[in-house]
Amino acid sequence: MNFAINDKVALVTGAGGGLGRAIALALAAEEAAVAVTGRTAATIEETVALIEQAGGRARRYILDLARPETFDGVLAEIRRDLGPIGILVNNSGGPPPGKASGVEPRVWQEQFNAMVASLIQLTDKVLPDMRQAGWGRIVTSTSSGVVAPIANLAISNSLRMALIGWSKTLAGEVAREGITANVIVPGRIATARVSQLDAARAGRENISQQQVKANSLATIPAGRYGEPEEYGAAVAFLASRQASYITGSVLRVDGGMIPAC
């Protein structure tokens, strides 16, 4: 299927690796011009190189979600280099694991600013481009913890839930302007982040990381961890012209793992 976004500019945050890189590669494969953003020059340059090797178009920009005061300057560069932004993929890193109780208020505030407030601010700054064009796609990547809370990931479970309410509300506000807003939820996707979480769980439970993975696989009807490319493909579809009637939704890419309806 031709997703018909070859004339669009896509901004992907956290695109230096893992799910963000997979998303950037998927959008570039659909011939969108991709603004690859992240905090570390080396990793986002690697993503750009992979896109260019595959014949796609991309440029890299340093964008730290913890520093919203830099957003205007970065967005001005993207617009100058590539054009108005039509697709925004909000993808933030995960917070440290931990329990819900006993977390310093400062940590909650810092993580809220980085994981929630920054994405809302960035979206607000990109929306004028979409409104001017009468077309736009906003896709926010979260976690399966927003549907079924994950043990020892209290900050992620709690704060990412705020993005669900925000995205659903935003979708209702901008739908008549040709703009969609959706949330995408990964299950166990084979990334470095998931490997780190498996290792942390192995340490807590005093079992091997291989046993942790085996225990996880037992809960996944598909019988395997997902591939980052599969997640990227789902985001690319939500960003497509064909997905124009999908908005305010939460799409799970989890191999059937999440138990709740």
Under-5 Å amide H pairs with Val253, H placed in peptide plane, nonlocal only: Val185, Gly187
Karplus 3J(HN,Hα) series, Hz, for region 187-201 with 6.51 cos²θ - 1.76 cosθ + 1.60 (x for Gly, Pro): x, 7, 9, 6, 10, 4, 4, 5, 4, 5, 5, 4, 5, 5, 5
Theoretical FRET efficiency, 1/(1+(r/R0)^6), r = Cβ-Cβ of Arg39 and Val103, R0 22 Å, to 0.05: 0.40
Average Cα contact separation per residue, region 1-150, under 8 Å, 6 or more apart, as relative contact order %: 23 percent
Residue-averaged [θ]222 nm for the chain, counting only DSSP H segments that reach four residues, each worth -39500 (n - 2.57): -14000 deg cm²/dmol
Among Asn113, Asn91, Asn206, residue whose mean-square fluctuation peaks in a GNM of the chain (springs only between Cα atoms under 10 Å): Asn206
Size of charge dipole - the chain - debye, nearest 20, with Cβ of Lys, Arg +1 and Asp, Glu -1, no other charges: 420 debye
Taking the chain and dividing mean pair separation by its residue count, relative contact order in percent (alpha carbons under 8 Å, at least six apart): 21 percent
Proximal lysine pairs, the chain, alpha carbons under 25 Å, eight or more residues apart or interchain: 4
Difference of contour (0.36 nm per residue) and Cα-Cα distance, Arg57 to Asn113: 17.1 nm
Fully extended contour minus Cα-Cα distance, from Arg67 to Gln210, at 0.36 nm per residue: 47.7 nm
Sites Glu230 and Arg193, calculated FRET efficiency, Cβ-Cβ separation with R0 22 Å, nearest 0.05: 0.90
Of Ser244, Ser118, Ser156, the one that fluctuates the most in a GNM where the chain has Cα springs shorter than 10 Å: Ser244
Under the Karplus curve 6.51 cos²θ - 1.76 cosθ + 1.60, θ = phi - 60°, whole-Hz ³J(HN,Hα) for region 209-225, x wherever Gly or Pro sits: 5, 5, 5, 4, 5, 4, 5, 5, 4, 5, 9, 10, x, 5, x, 7, 6
Candidates Val36, Val174, Val89, ranked by Gaussian network fluctuation over the chain, Cα under 10 Å, top entry: Val174
In Å, descending, principal axis extents of the Cα set of region 150-222: 52, 27, 19
Kirkwood hydrodynamic radius (C-alpha pairs) into Stokes-Einstein, region 120-179, 25 °C and 0.890 mPa s, D in µm²/s: 193 µm²/s
Karplus-derived HN-Hα couplings along region 38-43 (A = 6.51, B = -1.76, C = 1.60, θ = phi - 60°), whole Hz, x at Gly and Pro: x, 8, 10, 4, 4, 6
Rg/Rh for region 81-162, where both radii come from Cα atoms and Rh is the Kirkwood radius: 1.08
Accessible area (Å², 1.4 Å probe, nearest 10) - Lys99: 150 Å²
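The values are calculated or read from the model by the stated rules, or taken from the named source; none is laboratory data. These numbers were taken from a predicted model, which means no experiment stands behind them. All Cβ positions, glycine included, derive from the backbone under ideal geometry; neighbour counts span all protein chains shown. These accessible areas exclude ligands, DNA and RNA; they are computed on the full protein's heavy atoms, side chains included. Shrake-Rupley method; radii C 1.70, N 1.55, O 1.52, S 1.80 Å.
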